[in-house]
Structures are given as C-alpha cells and as structure tokens.
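Single-structure report; data block below.
The values are calculated or read from the model by the stated rules, or taken from the named source; none is laboratory data. These figures come from a predicted structure and were not determined experimentally. Ideal geometry is used to build each Cβ from the backbone, glycine not excepted, and the neighbour counts take in all protein chains shown.
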Amino acid sequence: MAARSICVLGGSGFIGTQLCAALAREGWRITVPTRNPARAQHLSVIPSLRLIGADVRDPRQLAILCDRQQAVINLVGILNEKGRDGSGFARVHTDLARKLVDACRSQRVGRLLQMSALNADADRGASHYLKSKGAAERIIREESGPDLRWTIFQPSVIFGPGDDFVNRFAGLLRMIPGGLPLARPGARFAPVWVEDVVAAFLRALVDDATAGESYQLCGPDRFTLREIVCLVRDELGLRRAIAGLPDWSSRLQAAICDFVPGKPFSSDNYRSLTVDSVCTVNGLARLGIHPQSLTAILPRYLGHQGVAGRNSCYRQSASR
C-alpha cells in the first residue's frame, strides 16, 4: 500500500511533536512547514518526516504545501497576542483557517483536522482567544464544501512533557519563594493527556464517521486551578502557599502582566478563565478512548511526592 501523505501545521510544537511521531508509527509520510527549521530539528529523528521552511500565512506557499496531501492537520495557535484588541488572535486563528480551507479545496485535499478549544464561540466567546477560535470553526464548517471532510477537536487544557500549562506553574513555583498569588483559583478544568489527544486525531484520520463532527476532549477528572497548582507543588516537593486572589485583584494582576515581556498572564487569559473548561459530552468516550488522569501521569515528568502531599492540595482547596 502506498504511503499516506499528511501536512501538519504547527507540527514542531508540544502537541505536534507527539502527533508527528505517532503518525510516523502509523505509516504516514509527514510534511511539517516552519518559518525556522533550525528550531524544529528535534523532528529530524522521524525518518518519514520532511521539514520545509515556509510561511503558512502566505496563501501561495500554503497551496504548495497542500498539493498532493491526503490530509492536513492545523495545530497552529497562540495563547497571547502582542496587542490587546484581538487582531493578533484573528490573524493566527481565523485568517489562517480561511486560507487553509481555500488551499485545501484548490488542491483537492480530502481531509482537514482542526485543533480548536473548549468554549470557542465566534459570537459569545469570553475572550479574544475563544472568539477567534470559534470564528475559525465557523469558517471550516461553512466554507469547506462537500469534498473537504473536516473534524474539529475542542480540548480542555492539555498536559504532558513539555506542555505550557503544568510546566509554567512548575517554573513559577520554583522561582517564587514563600507563596504564589493565583488568579481565578476556582476556575475548573478537565486536563487531558497529550497522548489521548493524539489518539483522537489518529482515530479521526481512519474513521469516516468522524467527518463533519466536533469532539470535546477532557480527562476523567475535574480540578480547580488551585487544585492543579497544588498537585504540581506537591509533586515538586516544594513548600509554597497558594494564595487565591479575588476577581478584582485577578483583573489587576492580569492588567499589569499585559505589559510584562512574554505575557506570563494577560487580561485575555483572565477572561478565558471566567468560563469553566470542562466537557458537556466527552468526545474521547465517543471515539472509544479511555482518558488518563492528571494524577496518574503527573509524577512521570515532575517527580513524585507521595499521597500525603497530594492530599494537602484537596484539604486546602476544600477550605477556599
């Protein structure tokens, strides 16, 4: 059987790296475009993967990338923009989705898998991030036409080695002595393991019944943000107080961080946290995938502090 060909936009990132490795194991021939191939050399160990220097924002380059591809996966996304008016999110999420649909249709690509987010909504999204993700979903649903079969994934926060969620809090906890002031400590998540997300993408590629469907992706457990940070703290074996901030103080913290280089937190992040990131119907179950728990996986890449340490997290959370 001839090798199947696929282009993965955003393939050099945290999720993309895991997904590309899994696609290679399944016999796919993979193309990963990147503006800076030197920063994606960790993918060079995958023998069936080809790195191409390209700017996916350019419609002509995007069309060339989609040529002769059986499927395209779009993982491109940002958590913060340089400005604060939503235009940065729109360029990366919404505008790219429209260009990608056009490129896929012009090159007769048969399959498009899109990474979105829980609570994405073009009209009622709580933040610029969620609105732009929702607008991208709308474009894919309405403009793909009958020959481009799409599937959309809407995950809660994704965790695993190299993630930008658990590891960000781990870094803050190591850096800040005494205690960590935490915005929106009661915000709820259902963290989903990166390998479960990868399994969902792989399943969609071989199951025609997933075309035209959207799947919410969540882990088996729900946690508040405070509980997650406590779990991270205890796995690291650190003695840190987690000081939950009231909303007015959370908004102030976000407004200040809007001007901090790298934006470790932002006003748009705050707005996203006002909506719980939990599934109404878990798409992993619909796909026949049994999700792994954060508590089972976390010790594998952060260290293990034991049950007693983790229990302190729940005791502190219960008194909030």
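Worth pointing out:
- For region 200-215, the criterion of a residue being among the hydrophobic types (A, V, I, L, M, F, W, C) and outside any helix (DSSP H, G or I) is satisfied by at least one position.
- Being under 19 Å from the mean Cα position of the chain (by Cα), farther than 22 Å from L298 by Cβ and among the charged types (D, E, K, R) is a property that K99 lacks.
- Residue match in region 115-135 (condition: assigned to a helix (DSSP H, G or I) and free of Cβ contacts under 8 Å to residues at least 12 places away in the same chain): no
- Residue selected from region 77-107 under the condition part of a loop (DSSP other than H, G, I, E, B) and touching a helix residue (DSSP H, G or I) at 6+ places or on another chain (Cβ under 6 Å), by the criterion surrounded by the most Cβ atoms within 10 Å (Cβ to Cβ): E81
- L252 being of a type in the set (A, V, I, L, M, F, W, C), within 25 Å of G160 (Cβ to Cβ), part of a helix (DSSP H, G or I) and modelled with pLDDT of 95 or more: no
Here is a yes/no grid of residues against (1) in contact with a helix residue (DSSP H, G or I) (Cβ under 9 Å, 6 or more places away or on another chain); (2) at pLDDT 95 or above; (3) among the aliphatic types (A, V, I, L, M); (4) buried (at least 17 other Cβ atoms within 10 Å of the Cβ):
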| position | (1), (2), (3), (4) |
| --- | --- |
| A199 | yes, yes, yes, yes |
| A204 | yes, yes, yes, yes |
| C218 | yes, yes, no, yes |
| P246 | no, yes, no, no |
| V260 | no, no, yes, no |
| L287 | yes, yes, yes, yes |
| P291 | yes, yes, no, yes |
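- Candidates are the residues of region 293-312 that are assigned to a loop (DSSP other than H, G, I, E, B) and of a type in the set (G, A, S); the one that is modelled with the highest pLDDT is S293.
- Residue within region 71-89 that is more than 24 Å from T17 (Cβ to Cβ), touching a Gly at 6+ places or on another chain (Cβ under 8 Å), of a type in the set (K, R) and in contact (Cβ under 8 Å) with a residue 24 or more places away in the chain present: no
- Flag for A63 being in the same structural domain as S116 (by TED's automatic domain parsing), surrounded by fewer than 21 Cβ atoms within 10 Å (Cβ to Cβ) and under 20 Å from the mean Cα position of the chain (by Cα): no
- Selection count where residues are farther than 23 Å from C257 by Cα and of a type outside the set (S, T, Y), scope region 52-103: 34
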